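Chemist: Following this message is one structure expressed as structure tokens.
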Amino acid sequence: MFTSNCLSTNEKNHLTIGGVDATGLAAEYGTPLYVLDEDHIRQNCRLYTKSMEQFYGNNGMILYASKALCTMALCKIIKEENMGLDVVSGGELYTAYKADFPMERIYFHGNNKTDEELTLALSLGVGRIVVDNSYELARLNTLCEKENKKASVLFRIKPGIDAHTHDAIMTGQIDSKFGVAIENGEAMTLIREASLMKHIDIVGVHCHIGSQIFELSPFEKAAEVMINFIGDVQDELGITIRELNLGGGFGVRYIEEDDPIACDKYMEAVSKVVKETAEKRSVSLPRILMEPGRSIVASAGITLYTVGAVKNIPGVRNYLAVDGGMADNPRFLLYDAEYDFVLANRTNEAKTQRYTVAGKCCESGDLLGRDIPLPPAKSGDILAVLTTGAYNYSMSSNYNRIPRPAMVMLSGGKSRIVVNRETYEDVIKNDVL
Ligand code: LLP
């Protein structure tokens, strides 16, 4: 019935998450409320780490892409699950640091890292810096020289795969702000430049071909292209690439029609390509890294709202307004992203109505979904939006000076606050009169 197996219905016909009544959470912590099931997150982590072990033995690591959802509590969970962490800004790095995350397990990404961010990464001793371009490489070498350090780097490579076209055709790949392309030689040039730098240790290469992908073939193709590139680097420059980071992008089920690939199927298919291509090219098997973000946290999260005004406009449509919206979830506005919606206090009632779910921001486009099937809704109902664990809180804003919602984590049937609800004081705290 639900898109995630951490959701169910209890005897009161209330939605439950991680076995906890969602309406009780709304009453206790207020709305809007982000709710995350920690047990489900850990289950997702273990699916990845187990299949990585199955197909690559000890020669691999799963990095959680923290852009999907970055809080100190989550960093602690990832640490306990023995995974690494992909961070993409000084802010994400600092969050991990304050959560006592092991710095050597951090991969620092980003297409335009500032000197300040690079200096922070060096001083904290992050494991790897994923270099995007030659401007960054030169600055990193200079910063390392100043501090008498050597940086272990991967290079962000465009493998020439457009995963958003259906048959993984190789077009448009150069037209991306991330990394350097193989086909015009800039990737090889960047590695050659790095090989001449005293403070750069060339460790690996990285690619990421897109997000919310439901097919295996683009991932297989990317792995093949990357191993071939590793072979070219070995042949042309005599440099051994020890790590291959294949990025994230694994799709999740937001709505019934979504059909994600099981992670062991993915791992099996890609490991086969990696091993076969490595043998063909006579390169020794690199350490493999993968960076799932969405598929670790999305299905573990829901957002709870209180229904406010309900407007029936005869012959036009019905609007149902909630006490949140684009400030806590901008994904419908940005991507027309679809979600499943449930009235958490009346899960048994037939969905005989359709509502366009509106937020409270002063903007017509502030919607969470259009013409959503629901039971007849009343003010005061609790509306749950499902599968909001990824890219909701992390993309939230204070638009209209709306304080961000609180976040609650559930484990073993118990709830705890992991992010406090923002107050009006929080909203003005950096203002100066
Ligand atoms: N690694 C790199 C280098 C990435 O750029 C990303 C996502 C990931 C890993 C994780 O990808 P995932 O497994 O989560 O698909 N805001 C958009 C998603 C942007 C993803 C950007 N990069 C959304 O809400 O759908």
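Please treat every number below as a calculation from the coordinates, not as lab data. These numbers come from a predicted model, not from an experiment. Positions of Cβ are backbone-derived with ideal geometry, glycine not excepted, and every protein chain shown enters the neighbour counts.
Chemist: Starting with the fewest neighbours, write out Met1, Met407 ranked by other beta-carbon atoms found within 10 Å of each beta-carbon.
Modeler: Fewest to most other Cβ atoms nearby, the residues stand as Met1, Met407.
Chemist: Work out the length of the dipole vector of the chain about its Cα centre, built from +1 on the beta-carbon of each Lys and Arg and -1 on the beta-carbon of each Asp and Glu, and round it to the nearest 20 debye.
Modeler: Details: 45 positive and 57 negative charges, 133 e Å.
For this selection, approximately 640 debye.
Chemist: OK, next. Which whole-number percentage describes the relative contact order of the range 170-301, with Cα contacts under 8 Å and a sequence gap of 6 or more?
Modeler: Values: 160 pairs, mean separation 35.1, N = 132.
Here the relative contact order equals 27 percent.
Chemist: On full extension of the chain, what length is gained from Glu236 through Glu256, given 0.36 nm per residue of separation minus the C-alpha to C-alpha distance?
Modeler: 2.3 nm
Chemist: What full-extension length gain, to one decimal in nm, is calculated for Lys378 and Ser217 as 0.36 nm per residue of separation minus the Cα-Cα distance?
Modeler: Details: separation 161, 0.36 × 161 = 57.96 nm, distance 4.62 nm.
Gain on stretching Lys378 to Ser217: 53.3 nm.
Chemist: Then there is this: Under a Cβ-only charge scheme (Lys and Arg +1, Asp and Glu -1), can you give me the dipole magnitude of the range 1-138 about the Cα centre, in debye to the nearest 20? Kindly include the intermediate steps, with their values, before the conclusion.
Modeler: Values: 11 positive and 18 negative charges, 46 e Å.
The calculation lands at about 220 debye.
Chemist: Let me ask something additional. Quick one: putting +1 on the C-beta of Lys and Arg, -1 on the C-beta of Asp and Glu, what dipole do you get for the range 36-78 around its Cα centre, in Debye to the nearest 20? Numbers along the way, then the final one.
Modeler: Working: 5 positive and 4 negative charges, 22 e Å.
In total the dipole reaches around 100 debye.
Chemist: Rounded to the nearest 5, what % of DSSP beta bridges with both residues in the range 109-292 are antiparallel?
Modeler: Numbers: 0 of 18 bridges.
Of those bridges, close to 0 percent are antiparallel.
Chemist: Fewest to most neighbouring Cβ within 10 Å: what's the order for Leu216, Leu140, Leu69? Before the final figure, lay out each step's value.
Modeler: Numbers: Leu216 16, Leu140 25, Leu69 28.
Sorted ascending by nearby Cβ count, the order is Leu216, Leu140, Leu69.
Chemist: Same structure, new question: Cα convex hull of the chain: mean projected area in nm², to one decimal? Mind showing how you got there, number by number?
Modeler: On the way: hull surface 91.0 nm².
Value for the chain: 22.7 nm².
Chemist: Within the range 178-254, report the trypsin sites (Lys or Arg not before Pro) that DSSP leaves as loop and that have at most 10 other Cβ atoms within 10 Å. Mind dumping the intermediate values first?
Modeler: Details: sites: Arg192, Lys198, Lys221, Arg242, Arg253; in loops: Lys198, Arg242, Arg253.
When the trypsin sites (Lys or Arg not before Pro) of the range 178-254 are filtered for loop state and at most 10 Cβ neighbours within 10 Å, Lys198 remain.
Chemist: As an exercise, use a Förster radius of 30 Å and the Cβ-Cβ distance of Thr114 and Lys150 to find the FRET efficiency, rounded to the nearest 0.05. Please report the intermediate quantities before stating the final value.
Modeler: Working: r = 21 Å, r/R0 = 0.69.
Approximately 0.90, to the nearest 0.05.
Chemist: I've got another one for you. Report the Cα centroid-to-centroid distance between the range 48-111 and the range 1-44 in angstrom, as an integer.
Modeler: Centre-to-centre (Cα) distance: 25 Å.
Chemist: When the helices in the chain are scored as -39500 (n - 2.57) per DSSP H run of 4 or longer and the sum is shared across all residues, what 222 nm value do you end up with, to the nearest 500 deg cm²/dmol? Before the final figure, lay out each step's value.
Modeler: Details: 12 runs with 132 residues, N = 433.
Estimated from H runs of four or more residues: -9000 deg cm²/dmol.
Chemist: Toward the positive end of the charge dipole of the chain, about the Cα centre and with charges on Cβ (Lys, Arg +1; Asp, Glu -1), which of Pro286, Tyr424, Thr95 goes farthest?
Modeler: Tyr424
Chemist: Can you check what the Kirkwood hydrodynamic radius comes to for the range 109-292, Cα pairs only, in Å to one decimal?
Modeler: Working: mean 1/r = 0.0587 Å⁻¹.
17.0 Å is the Kirkwood radius here.
Chemist: Can you work out the FRET efficiency for the pair Asp39 and Asp431, with r the C-beta to C-beta distance and R0 = 35 Å, to the nearest 0.05? Could you put the intermediate results ahead of the total?
Modeler: Details: r = 40 Å, r/R0 = 1.14.
Efficiency for this residue pair is about 0.30.
Chemist: Relative contact order of the range 31-123: what whole-number percent is it, with Cα pairs under 8 angstrom and at least 6 residues apart? Mind dumping the intermediate values first?
Modeler: Details: 90 pairs, mean separation 21.2, N = 93.
After rounding, I find 23 percent.
Chemist: Starting with the fewest neighbours, write out Lys113, Lys272 ranked by other beta-carbon atoms found within 10 Å of each beta-carbon.
Modeler: Working: Lys113 23, Lys272 13.
Listed from fewest to most nearby Cβ atoms, that is Lys272, Lys113.
Chemist: Using the Kirkwood radius over Cα pairs, work out the Stokes-Einstein diffusion coefficient for the range 53-135 at 20 °C and 1.002 mPa s, in µm²/s as a whole number. Walk me through the numbers on the way to the answer.
Modeler: Values: Rh = 13.0 Å.
Reported coefficient: 165 µm²/s.
Chemist: Can you spot the lysines whose alpha carbon is less than 17 Å from Lys76's alpha carbon? Ignore those fewer than 8 places along the same chain.
Modeler: Straight-line reach from Lys76, under 17 Å: Lys67, Lys98.
Chemist: Sticking with this one: Would you work out which of Gly84, Ser217, Thr306 lies farthest towards the positive end of the dipole of the chain, given +1 charges on the beta-carbon of Lys and Arg and -1 on that of Asp and Glu, about the Cα centre?
Modeler: Result: Thr306, furthest along the dipole toward the positive end.
Chemist: With axes computed from alpha carbons, what is the tilt in degrees of helix 134-147 against the longest principal axis of the chain, rounded to the nearest 10 within 0 to 90?
Modeler: 80 degrees
Chemist: If you don't mind, another one. Using Cα atoms only, what is the angle between the long axis of helix 263-280 and the major principal axis of the chain, expressed in degrees (0 to 90) to the nearest 10?
Modeler: It works out to around 10 degrees.
Chemist: Here's something else I'd like to know. On a C-alpha basis, how far is the centre of the range 282-332 from the centre of the range 416-433 in Å? Whole number, if you could?
Modeler: Value for the Cα centre distance between the two parts: 23 Å.
Chemist: While we're on this one: Can you work out the FRET efficiency for the pair Lys12 and Glu338, with r the C-beta to C-beta distance and R0 = 30 Å, to the nearest 0.05? Please list the in-between numbers first.
Modeler: Details: r = 28 Å, r/R0 = 0.94.
The pair Lys12/Glu338 has a calculated efficiency of 0.60.
Chemist: For Cα pairs less than 8 Å apart in space and 6+ apart in sequence, what is the mean separation divided by the residue count of the chain, i.e. the relative contact order in percent?
Modeler: Relative contact order comes out at 19 percent.
Chemist: Considering only DSSP beta bridges whose two residues both sit in the chain, what percent are antiparallel, to the nearest 5? Present the calculation step by step, with values, prior to reporting the outcome.
Modeler: On the way: 32 of 69 bridges.
Of all bridge pairs located within the chain, approximately 45 percent are antiparallel.
Chemist: Same structure, new question: Just Tyr48, Tyr399, Tyr355 to compare: in a GNM of the chain, with alpha carbon springs under 10 Å, which one fluctuates most?
Modeler: Per the Cα network of the chain with a 10 Å cutoff, Tyr399 tops the list.
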